[in-house]
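The structure appears below as structure tokens.
The values are calculated or read from the model by the stated rules, or taken from the named source; none is laboratory data. All values reported here derive from a predicted model rather than from experimental measurement. In this analysis, Cβ positions are derived from the backbone assuming ideal geometry, glycine residues included, and neighbour counts consider all displayed protein chains.
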Amino acid sequence: MNGGADHSVGSIVAHCSEFPQGHAIAPHRHQNSLFVYSSSGVMTLAAEEGAWVIPPDRAVWVPAGAIHETRMISPVSTMTVWIEPDPLMQMPRKCQVVNVSPLMRELLIEAVKFTKASNNVRTRLITALLLNELETLPGLPFRLPFPKNLQLADLCRRFYRNPTPHETINDWSDAIGVSRRTFTRMFRSETGLSFAAWRQQACLLAALPRLAAGEPITTVALDLGYNSPAAFTTMFKRLHGVPPSRYLA
């Protein structure tokens, strides 16, 4: 992430930034781990193993060395913490969207105020508590896994960018030159999901940027092949726990 001013104390660097809608950051990696909290706005992150949508008041964890790219679906305000790799930290080895507790939110607000001259007992305690709280934040099921098989991964990325209700298992198995049975077994082995479950999750995640941009639920639902906005809302709530209106609030 770019923009704003850096403030480093000990093992973290805290940073706040503002990004316009549509701003994109090309694939890159960091030597340090990255924790990016969206205080407002919706952004997406894509890495080799999958794609994530980060709605307001959630954050994404990016481990050191992970190649990733980001895109701002709406104007976004972030608070970011770079963290020196520590083998003792109990954090995922892959990217993960997490819920942000009220305590973590307040710690982030304090951390971005740090200056190099403020390396005192208070800042060291805040840093220690922030890192400890980070390990307790619950992960959220917002990941869309991408397979390692290159042909299959290309199909998945293309579908995620432009989901359509009309593509079938037969279409995909024909595209990579395998039988339906082989495709079904390969897809579940590579992603951990059935084709139908993966496609459903891809459609719901792809819908979030459109909803965040203000498109009517009816339009999005029908484009994705749902019979009604109510059917779309029911499926969205089943996956995310809340209806689209509350998820993006």
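Before moving on, here are some points about what is shown:
- Filter result (in a helix (DSSP H, G or I) and either of a type in the set (S, T, N, Q) or more than 26 Å from the chain's Cα centre (by Cα) (or both)) within the stretch 179-189: 180, 181, 182, 183, 184, 185, 189
- Qualifying residue in the stretch 162-175 (condition: under 20 Å from the mean Cα position of the chain (by Cα) and buried (at least 17 other Cβ atoms within 10 Å of the Cβ)): yes
- The sole residue among 141, 163 that is in a loop (DSSP other than H, G, I, E, B), out of contact with any Cys (no Cβ under 8 Å at 6 or more places or on another chain) and either within 28 Å of residue 218 (Cβ to Cβ) or acidic (Asp, Glu) (or both) is 141.
- For the stretch 131-138, the count of residues that are closer than 30 Å to residue 210 by Cα and part of a loop (DSSP other than H, G, I, E, B) is at least one.
- Residues in the stretch 166-178 that are out of contact with any Leu (no Cβ under 8 Å at 6 or more places or on another chain) and either assigned to a helix (DSSP H, G or I) or β-branched (Val, Ile, Thr) (or both): 168, 169, 170, 171, 173, 174, 178.
- All positions within the stretch 70-79 that are polar (S, T, N, Q) and within 14 Å of the chain's Cα centre (by Cα): 70, 78
- Residues located in the stretch 91-125, provided they are part of a helix (DSSP H, G or I), in contact with a Gly (Cβ under 9 Å, 6 or more places away or on another chain) and either of a type outside the set (D, E, K, R) or surrounded by fewer than 11 Cβ atoms within 10 Å (Cβ to Cβ) (or both): 123
- Residues being part of a helix (DSSP H, G or I), of a type outside the set (Lys, Arg) and either buried (at least 16 other Cβ atoms within 10 Å of the Cβ) or modelled with pLDDT of 95 or more (or both) - total across the stretch 190-202: 7
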